[in-house]
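Beneath this line is the structure, given in structure tokens, with notes to follow.
All of the numbers you see were taken from the coordinates with simple rules; none came from a lab. Source: prediction; values computed, not measured. Every residue, glycine as well, gets a Cβ built from its backbone with ideal geometry; the counts of neighbours run over all protein chains shown.
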Amino acid sequence: MTEMPLIAIVPVRGGSRGLPGKNTRDLLGKPLYRHALDQAHAAGVKLCLLSTDIPALLRADHGPGVQVVPRPGELARDDTPMDPVLAHALQVVDGPARVVLLQATSPLREPEDIAAAVALHSAGRFDLVMSVTRTPSHILKYGMVKEGAFRPVAGADYCFMNRQALPEVYRPNGAVYVFDADWFRRNGRLATDRIGAVEMPPERALDIDTAEDFAQVESVMRTRGAQ
């Protein structure tokens, strides 16, 4: 069986409330978004689709293996979900493809994280594979209150368990998502009941939203470089 082409989508919009201009801000010698492109290529991705509304990026030559997809303004707002952004970018893709979604705000991911997610998706058990990081289990005790009624986010039994007895819990960290382009076109969204998980350690799962986040990530990367 012929292996389907592997492509990456890197969404990079101009607006940001937490840290204006963060996606093009310099991080150790290159703009933040460039780290995602380079990680994709290092993981074996031949074509990266750079979905952007930033005029300077639309005009720039990003080198081989990068195709710019001009994103319309209505898909570049603060409240724009990822699903329509992906659907728009995939319009330039003909035929089947395995897609890696890499958000620019997770620059601490490693090519090995991408490769592990691609390998798991290639096994065919899951519609979507995403990177996750272990998080404190006490979230299982949480719930929502509606009209005075407490509704647990998980089973009610968890609310009364000792902390030590709670099962391990993982959160999506936003660094890597892998899915089939044709599946996404049929499904219309990333949400599915068949999600595979690839674990990433906390030190690689930091996400940039604020200036403080950016400084923390920069510090981690400087420390890495010194080792």
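Assorted remarks:
- Computed from the Cβ-Cβ distance with R0 of 22 Å, the FRET efficiency linking MET221 to MET4 stands at 0.10.
- ALA87-ALA42 FRET efficiency (beta carbon distance; Förster radius 25 Å; 0.05 resolution): 0.40
- Net charge of neighbours whose Cβ lies under 13 Å from the Cβ of PRO81, counting Lys and Arg as +1 and Asp and Glu as -1: -1
- Net +/- balance of residues flanking GLY15 in space, Cβ distance below 9 Å, scoring K and R +1, D and E -1: +1
- Candidates LEU128, LEU86, LEU28: whichever shows maximal mean-square fluctuation once the chain is modelled as a Gaussian network with Cα springs under 10 Å: LEU28
- Angle in degrees between helix 32-42 and the longest Cα principal axis of the chain, rounded to the nearest 10: 80 degrees
- Expected 222 nm ellipticity per residue - DSSP helices of 4 or more, -39500 (n - 2.57), all of the chain, to 500: -7500 deg cm²/dmol
- Within straight-line reach of LYS22, meaning a Cα separation under 30 Å, sit the following lysines at least 8 residues removed in sequence or on another chain: LYS30, LYS46.
- Restricting the stretch 1-84 to trypsin sites (Lys or Arg not before Pro) in coil, as DSSP defines it, with at most 11 other Cβ within 10 Å: ARG17, ARG77
- Other residues lying with their Cβ under 15 Å from the Cβ of LEU101 contribute a combined charge of +1, Lys and Arg counting +1, Asp and Glu -1.
- Highest-fluctuation residue, ALA43, ALA156, ALA76 considered, GNM on the chain with Cα pairs under 10 Å: ALA156
- Among 198-211, 98-111, sorting by the average number of other beta carbon atoms lying within 10 angstrom of each residue, highest first, gives 98-111, 198-211.
- The shape of the chain can be summarised by an equivalent ellipsoid whose semi-axes, obtained from the alpha carbon gyration tensor, come to 30, 22, 19 Å from longest to shortest.
- Applying a DSSP loop filter and a limit of 13 other Cβ atoms within 10 Å to the trypsin sites (Lys or Arg not before Pro) in the stretch 110-201 leaves ARG125, ARG189, ARG194.
- Chymotrypsin sites (Phe, Trp or Tyr not before Pro) restricted to the stretch 103-190 and DSSP loop, no more than 13 other C-beta within 10 Å: TYR142
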